[in-house]
Amino acid sequence: MHEEYCSHFRPEAASAAWEELEPRALARLLAEELRQEAVEGFVDVGSGLGKLVVLAAAITPATCWGIELSPVRAAEARRAWAQLQSEADAALPWTRRVRLLQGSCLKDLPAEALEASHFLFTMRRVGKLPRGTRQVSERFLDLLQQCAAKERVLLSVGKRLEPRDGLEHVDACFLRAEWSDEEDVLIHRYILSR
Ligand SMILES: C[S@@+](CC[C@H](N)C(=O)[O-])C[C@H]1O[C@@H](n2cnc3c(N)ncnc32)[C@H](O)[C@@H]1O
């Protein structure tokens with residue numbers, strides 16, 4: 001894992017730390033979201049083992065994407081998903097809406113995914129970056145603002161995004177995360193427009 005971290009992440013600009021939202025917490029969040037907005041595409045930005053992507057496909061009508069930089073984690077996500085499909089009824093319609101990709105959120109998501117209505121950020125921010133280096137999540141927002149006119153919902157786990165034109169902080173709620181020693185974590189909800 002250390003070798004992969006050095007080859008696929010820029011150690012000076014990326015945290016190796018894990019930061020997962022608890023699946024039941026995401027289920028509650030999406031259930032609330034479905035009451036407020038149409039969920040027309042969901043992307044877990046930094047999808048790790050992919051469980052939140054599978055969950056989102058099961059409980060929303062949307063195509064659900066996960067993009068994961070780590071080849072080891074992405075391969076494990078695909079293996080686990082293939083196993084789940086073989087054990088469950090693979091003919092269930094929602095299973096055809098899961099897309100687990102390996103690569104960088106900044107260059108490997110297809111246009112269809114970038115048009116999604118909902119984006120979940122679970123990537124940990126890196127505290128001190130070299131001068132001129134911006135957080136990946138901020139560069140990803142640049143990308144989203146370039147490619148669609150419609151408004152999207154951003155759910156940021158545990159941290160606030162930097163203020164910018166077109167970004168409105170709507171509200172925040174506490175939910176359970178797996179990494180936080182039984183403490184709930186704040187989920188910030190934003191609307192992003194151009
Ligand atoms: C804390 S994990 C979250 C996993 C998953 N979303 C969950 O909550 O279960 C964050 C993931 O973001 C991935 N990541 C970091 N930078 C990335 C990038 N530029 N593109 C895609 N994934 C990235 C990391 O490899 C890590 O697996």
Among Ala75, Ala149, Ala113, Ala82, which is in contact (Cβ under 8 Å) with a residue 60 or more places away in the chain, of a type outside the set (Lys, Arg) and more than 22 Å from Val185 (Cβ to Cβ)? Ala113
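Is it fair to say Arg24 is outside any loop (DSSP other than H, G, I, E, B) and either free of Cβ contacts under 8 Å to residues at least 24 places away in the same chain or touching a Cys at 6+ places or on another chain (Cβ under 6 Å) (or both)?
Working: outside any loop (DSSP other than H, G, I, E, B): yes; either free of Cβ contacts under 8 Å to residues at least 24 places away in the same chain or touching a Cys at 6+ places or on another chain (Cβ under 6 Å) (or both): no.
Criteria not met by Arg24.
Assess whether Lys159 counts as being closer than 22 Å to Glu22 by Cα and either in a loop (DSSP other than H, G, I, E, B) or within 15 Å of the ligand (Cβ to nearest atom) (or both). So that I can check it myself, show each step before the final result.
Working: closer than 22 Å to Glu22 by Cα: yes; either in a loop (DSSP other than H, G, I, E, B) or within 15 Å of the ligand (Cβ to nearest atom) (or both): yes.
Against the criterion (closer than 22 Å to Glu22 by Cα and either in a loop (DSSP other than H, G, I, E, B) or within 15 Å of the ligand (Cβ to nearest atom) (or both)), Lys159 qualifies.
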Does any residue of the range 21-43 turn out to be within 27 Å of Phe174 (Cα to Cα), modelled with pLDDT of 85 or more, in contact with a His (Cβ under 6 Å, 6 or more places away or on another chain) and not β-branched (Val, Ile, Thr)? yes
Search result, residues across the range 29-48 that are within 12 Å of the ligand (Cβ to nearest atom) and of a type in the set (D, E, K, R): Asp44
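The values are calculated or read from the model by the stated rules, or taken from the named source; none is laboratory data. The model shown is predicted, which means the values in this text are computed figures rather than measured ones. Positions of Cβ are generated from backbone atoms using ideal geometry, with glycine treated the same way; all protein chains shown enter the neighbour counts.
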